[in-house]
Amino acid sequence: MLNLYKLKIALPYKLKDETSTSQEVSSNYIIFAMNNKNPQGLEGQARRIFGRLQAKLDEAIENKSECLELETSEFELIKKNIEEAKFPVQFSQNLLMLEEAIAEAIKNHYDKTIEEKK
């Protein structure tokens, strides 16, 4: 069984600088959270999971994808770090959108093996 989560990253952020795409902003928030919660860096499995996640973020930015399709370990890493990281207060309004997208992904996750058998 392979649970997958579709995390929407093309979100209607309110930005002063319109040079960044919403995918880039979502990616930056995720990377900021990872750096904030792991100031000494990542080790072992967490580093490998984040490496896969970075590749997916880069691909989503390049392709201007609406969502990321994430395995449970990737999704849980994002969720945990976004929840626990300390962000500057001026990010709060935009972070709320990302947190709501995470909650929506939890509500709508699916089992890929069931989908493939249909």
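The values are calculated or read from the model by the stated rules, or taken from the named source; none is laboratory data. What you see is a predicted model; the values in this text were computed from it and never measured. Heads up, the Cβs are rebuilt from the backbone with ideal geometry, glycines too, and the neighbour counts pull from every protein chain shown.
Descriptive notes on the structure:
- Only residues that are in contact (Cβ under 8 Å) with a residue 24 or more places away in the chain and more than 14 Å from the chain's Cα centre (by Cα) were counted in the range 46-58, giving 1.
- Hits in the range 23-58 - residues which are over 26 Å from Leu96 (Cβ atoms) and among the acidic types (Asp, Glu): Glu43
- Hey, Glu66 of a type outside the set (A, V, I, L, M), surrounded by fewer than 16 Cβ atoms within 10 Å (Cβ to Cβ) and modelled with pLDDT under 95 or not: no
- Scanning the range 16-43 for residues that are in contact (Cβ under 8 Å) with a residue 24 or more places away in the chain, more than 18 Å from Lys79 (Cα to Cα) and not β-branched (Val, Ile, Thr) returns no hits.
- Filter result (out of contact with any strand residue (DSSP E or B) (no Cβ under 6 Å at 6 or more places or on another chain), in a helix (DSSP H, G or I), touching a residue at least 12 places away in the same chain (Cβ under 8 Å) and over 20 Å from Met97 (Cβ atoms)) within the range 59-80: Ser73
- Of the residues making up the range 84-116, those that are modelled with pLDDT under 90, not charged (D, E, K, R) and not in a helix (DSSP H, G or I) are Asn108, His109, Tyr110.
- One residue from Tyr29, Tyr13 being in contact with a helix residue (DSSP H, G or I) (Cβ under 9 Å, 6 or more places away or on another chain), among the hydroxyl-bearing types (Ser, Thr, Tyr) and either part of a loop (DSSP other than H, G, I, E, B) or more than 19 Å from Ser92 (Cβ to Cβ) (or both): Tyr13
- Ile31 being in contact with a Ser or Thr (Cβ under 7 Å, 6 or more places away or on another chain), surrounded by 13 or more Cβ atoms within 10 Å (Cβ to Cβ) and of a type in the set (Val, Ile, Thr): no
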